[in-house]
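Enquirer: Please read through the structure below; I'll follow up with questions.
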Amino acid sequence: MEEERPHRSGFVAVVGRPNVGKSTLINSLVGSKVSIVTPKPQTTRHRILGIRNEARSQIVFIDTPGLHTDARKAMNRLMNRAADSAIRDADVVLFLVEANRWTTEDTHALKRIAAAGASPVIAVINKIDKVHPKEELLRVIEEMAARFTFAEVVPVSALRKENLDRLVSLLPDYLQESPPFFPETAVSDRNERFRAAELIREKLTLALRQEVPYGLTVQVERFETEAQGLAVAALILVERESQKGIVVGKGGALLKKAGRAVRLELKEQYGMPVHLDLWVKVRDNWADSEEQLLRLGYDQG
Ligand code: GDP
Ligand code: MG
């Protein structure tokens, strides 16, 4: 009689410098938007779990804020600590890089992974859709393999979902024999309020032409289903009066544009009309106070 394979569960940390595609990869692997994505660095500020459930395994991906070289700001220090703790907690680490770009920030990130530890590291070369001609990829893989004793080197495109099956098929071998850690219907460890706040931050970041890297955070004050639909109220906190003007836009245009995009996505997600209230408020120097950041939920994981 054939023996049934034991169920396996475990944590997979996704680590790399900002903008290599960590959040995109996790969303693609989980099949749902659990982490927000923009073309700008410093988009992911929190440690977020994305959960992939299969018949014989539960893979819990840890999305980390990108590793930062400049640790002078409180926000960067907290983000580096979140990444460090994710690396330590993981059964296997995915070190993500861009196929056509290796920088000193990548070197720094790899050093940090090597210093943290014991878990095997799989190098994931992302954005292979940008590599032409395809033969170039062989050289990129060889160069990568020479940088560290990786358990595997896997080229993928997180955006186009190329070669993700290959990556996923490798992972259960690194997990422990264990029942699932989370309900098998869960895709994330974060609640609706948190995800709504993140969605608002994503749409604002996309609408803003200037970078407001540290200057913006969102608190959802209200998230309720009513007879008329979903009612959401949120506070947008910025650092300076001048940033308030930027976020609101001429005649409120930017806030309106971002708000419309948020409403559309929430309506699609929850299948009901959405009433959204957004306020912008100035908070002094919050990005430089670790205490204030911790109070706002920038946890160390
Ligand atoms: P993170 O900072 O590492 O989490 O990176 P994000 O997931 O936020 O992605 C940063 C940018 O890279 C976004 O504009 C993504 O759309 C883009 N991106 C991610 N994966 C791919 C990919 O496989 N191919 C291409 N061309 N772009 C990608
Ligand atoms: Mg991210």
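The values are calculated or read from the model by the stated rules, or taken from the named source; none is laboratory data. What you see is a predicted model; the values in this text were computed from it and never measured. When we count neighbours, we look across all protein chains shown, and the Cβ atoms used for this are built from the backbone with ideal geometry, even at glycine. For the accessible areas, the whole protein counts, side chains as well, though only heavy atoms, and no ligand, DNA or RNA atoms are used. Shrake-Rupley method; radii C 1.70, N 1.55, O 1.52, S 1.80 Å.
Enquirer: Modelled label-to-label distance, Trp279 and Gln176, 7 Å Cα→beta-carbon offset: nm?
Expert: Each label point lies 7 Å from its Cα, and together they span 4.5 nm.
Enquirer: Of Lys130/Lys267; Lys33/Lys134; Lys33/Lys73, which ones are farther than 31 Å apart at the Cα?
Expert: Lys130/Lys267
Enquirer: Suppose we flag GluC sites (Glu not before Pro) only when DSSP calls them loop and at most 15 other Cβ atoms lie within 10 Å. Which is the longest uninterrupted stretch of the chain?
Expert: Here the longest run is 212-301.
Enquirer: If you roll a 1.4 Å probe over the chain with all protein chains in place, what percent of the accessible area is carbon or sulfur?
Expert: The value for the chain is 49 percent carbon and sulfur by accessible area.
Enquirer: Once every Cα of the range 113-261 carries one equal point scatterer and solvent is ignored, give the base-10 log of I(q)/I(0) from the Debye formula at q = 0.09, 0.10, 0.15 Å⁻¹, two decimals.
Expert: Calculated log10 I(q)/I(0) at the listed q: -0.54, -0.66, -1.02.
Enquirer: Oh, and also: So what's the net charge close to Leu206: Lys and Arg +1, Asp and Glu -1, counting the other residues with Cβ under 11 Å from its Cβ?
Expert: +4
Enquirer: In terms of the ratio Rg/(2.2 N^0.38 Å) built on C-alpha atoms, what value belongs to the chain?
Expert: So the Cα radius of gyration is 1.04 times the expected 2.2 N^0.38 Å.
Enquirer: Would you mind computing, in nm to one decimal, how far apart the modelled labels at Asp189 and Lys73 are, each placed 7 Å from Cα along Cα→Cβ?
Expert: Reported label-point gap for Asp189 and Lys73 is 2.5 nm.
Enquirer: Among the trypsin sites (Lys or Arg not before Pro) within the range 47-144, which fall in a DSSP loop and have no more than 12 other Cβ atoms within 10 Å of their own Cβ?
Expert: Sites meeting the loop and neighbour criteria: Arg56, Arg72, Lys134.
Enquirer: Solvent-accessible area per residue for the range 201-260 at a 1.4 Å probe radius, Å²?
Expert: Spelled out: the 1.4 Å probe surface of the range 201-260, per residue, equals 50 Å².
Enquirer: 7 Å from Cα along Cα→Cβ at both Arg209 and Ala118: what's the point-to-point distance in nm?
Expert: Output for this residue pair reads 5.3 nm.
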